[in-house]
1. Please calculate the 1.4 Å probe accessible area of A:V4, with all protein chains present, and give it to the nearest 10 Å².
2. Taking Cα pairs under 8 Å and at least six residues apart, what relative contact order does the stretch A:4-110 come out at, in percent?
3. Under a point spin-label approximation (7 Å from Cα along Cα-to-Cβ), what is the B:R75-A:T109 distance to one decimal in nm?
4. With each pseudo-label sitting 7 Å past Cα toward Cβ, what's the A:N28-A:T5 distance in nm, one decimal?
5. Once you've got the GNM for chain A with C-alpha springs shorter than 10 Å, pick whichever of A:E72, A:E99, A:E56 has the biggest mean-square fluctuation.
6. When the dipole is taken about the Cα centre of chain B, and only Lys, Arg (+1) and Asp, Glu (-1) are charged at their Cβ, what size is it in debye, to the nearest 20?
7. Would you work out the relative contact order for the stretch A:64-111, in percent, from Cα pairs under 8 angstrom that are 6 or more residues apart?
8. Could you tell me which of A:H41, B:N64, B:S9 has its Cα farthest along the dipole of the protein assembly as shown towards the positive end, charges placed at Cβ (Lys, Arg +1; Asp, Glu -1), taken about the Cα centre?
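The values are calculated or read from the model by the stated rules, or taken from the named source; none is laboratory data. Just so it is clear, the model here is predicted, and its values are computed rather than measured. FYI the Cβ positions are ideal-geometry reconstructions off the backbone, even for glycines, and counts take in every protein chain you see. Remember, those area values only see protein heavy atoms, side chains included, never the ligands or the DNA or RNA. Shrake-Rupley method; radii C 1.70, N 1.55, O 1.52, S 1.80 Å.
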Amino acid sequence: EAAVTQSPRNKVAVTGGKVTLSCNQTNNHNNMYWYRQDTGHGLRLIHYSYGAGSTEKGDIPDGYKASRPSQENFSLILELATPSQTSVYFCASGLGGREQYFGPGTRLTVL
Amino acid sequence: GDQVEQSPSALSLHEGTGSALRCNFTTTMRAVQWFQQNSRGSLINLFYLASGTKENGRLKSTFNSKESYSTLHIRDAQLEDSGTYFCAAEANTGANTGKLTFGHGTILRVHP
(Lines give C-alpha, C1' and ligand atoms only; values in the text may rest on other atoms or scores of the structure.)
Protein backbone atom coordinates (compact mmCIF):
# COMPACT_ATOMS: atom_id res chain seq x y z
CA GLU A 1 0.00 0.00 0.00
CA ALA A 2 1.16 3.52 -0.83
CA ALA A 3 2.88 5.40 1.97
CA VAL A 4 2.26 9.14 1.93
CA THR A 5 3.60 11.33 4.70
CA GLN A 6 3.11 15.01 5.35
CA SER A 7 4.97 17.57 7.42
CA PRO A 8 4.31 19.44 9.53
CA ARG A 9 1.15 17.87 10.91
CA ASN A 10 0.12 21.11 12.54
CA LYS A 11 1.19 24.66 11.73
CA VAL A 12 0.28 28.09 13.03
CA ALA A 13 1.29 30.96 10.79
CA VAL A 14 0.83 34.72 10.77
CA THR A 15 -0.96 36.66 8.09
CA GLY A 16 1.49 37.65 5.37
CA GLY A 17 4.00 35.01 6.28
CA LYS A 18 5.30 32.26 4.01
CA VAL A 19 4.22 28.68 4.64
CA THR A 20 5.55 25.53 3.02
CA LEU A 21 3.76 22.22 3.41
CA SER A 22 5.69 19.12 2.44
CA CYS A 23 4.59 15.75 1.15
CA ASN A 24 6.62 12.60 0.54
CA GLN A 25 5.54 9.34 -1.07
CA THR A 26 7.58 6.15 -1.28
CA ASN A 27 5.70 4.10 -3.87
CA ASN A 28 7.04 5.69 -7.02
CA HIS A 29 3.70 7.10 -8.12
CA ASN A 30 3.89 9.56 -11.00
CA ASN A 31 1.00 11.76 -9.91
CA MET A 32 0.72 13.77 -6.74
CA TYR A 33 -2.06 16.07 -5.56
CA TRP A 34 -2.78 18.76 -2.97
CA TYR A 35 -6.31 19.21 -1.61
CA ARG A 36 -7.81 21.30 1.12
CA GLN A 37 -10.75 20.31 3.28
CA ASP A 38 -13.15 22.84 4.73
CA THR A 39 -16.43 22.26 6.50
CA GLY A 40 -19.25 22.06 3.99
CA HIS A 41 -16.96 21.72 0.97
CA GLY A 42 -15.47 18.25 1.16
CA LEU A 43 -11.98 18.18 -0.38
CA ARG A 44 -11.03 20.48 -3.22
CA LEU A 45 -8.05 20.18 -5.54
CA ILE A 46 -5.44 22.96 -5.36
CA HIS A 47 -2.49 21.76 -7.49
CA TYR A 48 -1.28 18.50 -8.92
CA SER A 49 1.74 17.09 -10.68
CA TYR A 50 2.47 14.41 -13.28
CA GLY A 51 6.07 13.94 -12.23
CA ALA A 52 9.28 15.67 -11.23
CA GLY A 53 9.40 19.22 -12.54
CA SER A 54 5.72 19.41 -13.44
CA THR A 55 2.96 21.30 -11.66
CA GLU A 56 -0.60 21.92 -12.81
CA LYS A 57 -3.38 24.11 -11.48
CA GLY A 58 -6.32 22.39 -9.88
CA ASP A 59 -9.74 23.82 -9.18
CA ILE A 60 -8.76 26.40 -6.53
CA PRO A 61 -5.10 27.39 -7.19
CA ASP A 62 -5.26 31.10 -6.31
CA GLY A 63 -2.90 32.02 -3.48
CA TYR A 64 -0.92 28.77 -3.75
CA LYS A 65 2.16 27.58 -5.57
CA ALA A 66 3.45 24.04 -5.87
CA SER A 67 6.84 22.49 -6.40
CA ARG A 68 7.77 18.95 -7.46
CA PRO A 69 11.54 18.65 -7.20
CA SER A 70 11.58 14.85 -7.34
CA GLN A 71 9.33 11.85 -7.86
CA GLU A 72 8.95 11.48 -4.09
CA ASN A 73 8.37 15.06 -2.96
CA PHE A 74 5.64 17.59 -3.62
CA SER A 75 5.36 20.88 -1.75
CA LEU A 76 2.57 23.40 -1.40
CA ILE A 77 3.69 26.98 -0.89
CA LEU A 78 1.70 29.87 0.49
CA GLU A 79 3.81 32.94 -0.25
CA LEU A 80 1.55 35.36 1.64
CA ALA A 81 -0.68 33.41 3.98
CA THR A 82 -4.15 34.75 4.73
CA PRO A 83 -6.72 33.68 7.36
CA SER A 84 -8.94 32.30 4.55
CA GLN A 85 -6.25 29.67 3.97
CA THR A 86 -6.85 28.20 7.41
CA SER A 87 -7.80 24.63 6.58
CA VAL A 88 -6.74 21.01 6.64
CA TYR A 89 -4.48 20.14 3.72
CA PHE A 90 -4.17 16.66 2.27
CA CYS A 91 -1.57 15.33 -0.10
CA ALA A 92 -2.24 12.30 -2.25
CA SER A 93 -0.37 10.18 -4.75
CA GLY A 94 -1.43 7.77 -7.46
CA LEU A 95 -0.90 6.47 -10.93
CA GLY A 96 -3.02 8.30 -13.48
CA GLY A 97 -6.44 6.71 -13.71
CA ARG A 98 -5.87 4.53 -10.68
CA GLU A 99 -6.59 4.66 -6.97
CA GLN A 100 -5.24 7.61 -4.98
CA TYR A 101 -3.65 7.29 -1.55
CA PHE A 102 -3.84 10.10 0.94
CA GLY A 103 -1.51 11.38 3.62
CA PRO A 104 -2.65 12.07 7.19
CA GLY A 105 -3.27 15.77 6.60
CA THR A 106 -1.78 19.04 7.87
CA ARG A 107 -3.87 21.38 9.99
CA LEU A 108 -2.92 24.97 9.14
CA THR A 109 -4.10 27.95 11.14
CA VAL A 110 -3.34 31.44 9.85
CA LEU A 111 -3.77 34.15 12.47
CA GLY B 1 -23.21 23.46 -9.66
CA ASP B 2 -21.52 20.52 -7.96
CA GLN B 3 -20.46 17.67 -10.21
CA VAL B 4 -20.78 15.18 -7.34
CA GLU B 5 -23.97 15.21 -5.30
CA GLN B 6 -23.77 12.99 -2.23
CA SER B 7 -26.68 11.89 -0.06
CA PRO B 8 -27.73 11.72 2.64
CA SER B 9 -25.68 14.38 4.39
CA ALA B 10 -26.12 12.60 7.72
CA LEU B 11 -27.24 9.13 8.73
CA SER B 12 -27.88 7.46 12.08
CA LEU B 13 -27.91 3.66 12.34
CA HIS B 14 -28.44 1.18 15.13
CA GLU B 15 -25.73 -1.45 15.44
CA GLY B 16 -26.53 -4.41 13.23
CA THR B 17 -28.61 -2.51 10.70
CA GLY B 18 -27.64 -1.28 7.28
CA SER B 19 -28.20 1.43 4.74
CA ALA B 20 -26.98 2.88 1.47
CA LEU B 21 -25.12 6.05 0.58
CA ARG B 22 -25.39 7.46 -2.90
CA CYS B 23 -23.51 9.80 -5.20
CA ASN B 24 -25.04 11.23 -8.34
CA PHE B 25 -22.85 12.78 -11.00
CA THR B 26 -23.78 15.65 -13.29
CA THR B 27 -21.07 14.79 -15.80
CA THR B 28 -19.68 11.53 -17.14
CA MET B 29 -17.21 10.02 -14.72
CA ARG B 30 -14.42 7.57 -15.50
CA ALA B 31 -14.05 6.10 -12.01
CA VAL B 32 -15.10 6.58 -8.41
CA GLN B 33 -13.40 6.14 -5.08
CA TRP B 34 -15.05 5.81 -1.68
CA PHE B 35 -13.32 6.85 1.54
CA GLN B 36 -14.05 6.74 5.23
CA GLN B 37 -12.68 9.63 7.25
CA ASN B 38 -12.15 8.49 10.79
CA SER B 39 -12.18 10.44 14.04
CA ARG B 40 -8.49 11.32 13.64
CA GLY B 41 -9.17 12.81 10.23
CA SER B 42 -7.42 10.13 8.19
CA LEU B 43 -8.89 9.15 4.83
CA ILE B 44 -9.19 5.39 4.54
CA ASN B 45 -9.56 3.90 1.07
CA LEU B 46 -12.63 1.71 0.81
CA PHE B 47 -13.15 1.12 -2.90
CA TYR B 48 -11.94 2.15 -6.31
CA LEU B 49 -14.27 1.30 -9.18
CA ALA B 50 -14.09 1.94 -12.89
CA SER B 51 -17.32 -0.03 -13.36
CA GLY B 52 -19.47 -2.71 -11.77
CA THR B 53 -19.63 -3.83 -8.16
CA LYS B 54 -17.06 -4.64 -5.49
CA GLU B 55 -17.58 -6.11 -2.07
CA ASN B 56 -15.36 -6.12 0.99
CA GLY B 57 -16.72 -7.59 4.18
CA ARG B 58 -19.82 -5.67 5.21
CA LEU B 59 -19.35 -3.06 2.51
CA LYS B 60 -20.41 -3.18 -1.10
CA SER B 61 -20.09 -0.51 -3.76
CA THR B 62 -21.47 -0.11 -7.25
CA PHE B 63 -20.55 2.34 -9.99
CA ASN B 64 -22.75 2.88 -13.03
CA SER B 65 -21.08 5.36 -15.36
CA LYS B 66 -23.85 5.33 -17.93
CA GLU B 67 -26.52 6.22 -15.37
CA SER B 68 -24.13 8.52 -13.49
CA TYR B 69 -24.28 7.22 -9.96
CA SER B 70 -22.43 5.21 -7.38
CA THR B 71 -23.64 3.61 -4.17
CA LEU B 72 -22.02 2.35 -0.99
CA HIS B 73 -23.98 -0.21 0.99
CA ILE B 74 -23.17 -0.88 4.63
CA ARG B 75 -24.69 -3.93 6.30
CA ASP B 76 -24.52 -5.09 9.94
CA ALA B 77 -23.19 -1.68 10.97
CA GLN B 78 -20.69 -1.60 13.84
CA LEU B 79 -19.71 1.25 16.14
CA GLU B 80 -16.34 1.55 14.40
CA ASP B 81 -18.13 2.33 11.12
CA SER B 82 -18.95 5.78 12.47
CA GLY B 83 -17.25 8.59 10.60
CA THR B 84 -17.65 10.64 7.46
CA TYR B 85 -17.90 8.86 4.12
CA PHE B 86 -16.85 10.54 0.90
CA CYS B 87 -17.22 9.59 -2.69
CA ALA B 88 -14.80 11.13 -5.16
CA ALA B 89 -14.97 10.77 -8.91
CA GLU B 90 -12.68 11.35 -11.87
CA ALA B 91 -14.26 13.05 -14.86
CA ASN B 92 -14.03 11.30 -18.21
CA THR B 93 -12.32 14.16 -20.05
CA GLY B 94 -10.03 12.10 -22.22
CA ALA B 95 -6.91 13.11 -20.29
CA ASN B 96 -5.81 10.66 -17.61
CA THR B 97 -5.17 13.23 -14.90
CA GLY B 98 -6.56 11.33 -11.94
CA LYS B 99 -8.12 14.57 -10.66
CA LEU B 100 -10.82 13.79 -8.13
CA THR B 101 -13.96 15.79 -7.41
CA PHE B 102 -15.33 15.04 -3.96
CA GLY B 103 -18.86 14.93 -2.66
CA HIS B 104 -19.61 16.85 0.52
CA GLY B 105 -19.68 13.69 2.60
CA THR B 106 -22.14 11.66 4.67
CA ILE B 107 -21.72 11.80 8.44
CA LEU B 108 -22.54 8.34 9.73
CA ARG B 109 -23.24 7.68 13.38
CA VAL B 110 -23.69 4.12 14.55
CA HIS B 111 -25.16 3.77 18.00
CA PRO B 112 -25.85 0.81 20.29
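1. For A:V4, solvent-accessible area is about 20 Å².
2. Relative contact order of the stretch A:4-110: 36 percent.
3. 4.5
4. With each label placed 7 Å out from Cα toward Cβ, I get 2.0 nm.
5. A:E99
6. Values: 10 positive and 9 negative charges, 34 e Å.
That gives a dipole near 160 debye.
7. Numbers: 60 pairs, mean separation 15.6, N = 48.
Dividing the mean separation by the residue count of the stretch A:64-111 yields 32 percent.
8. Comparing the listed Cα positions along the dipole, A:H41 ranks first.
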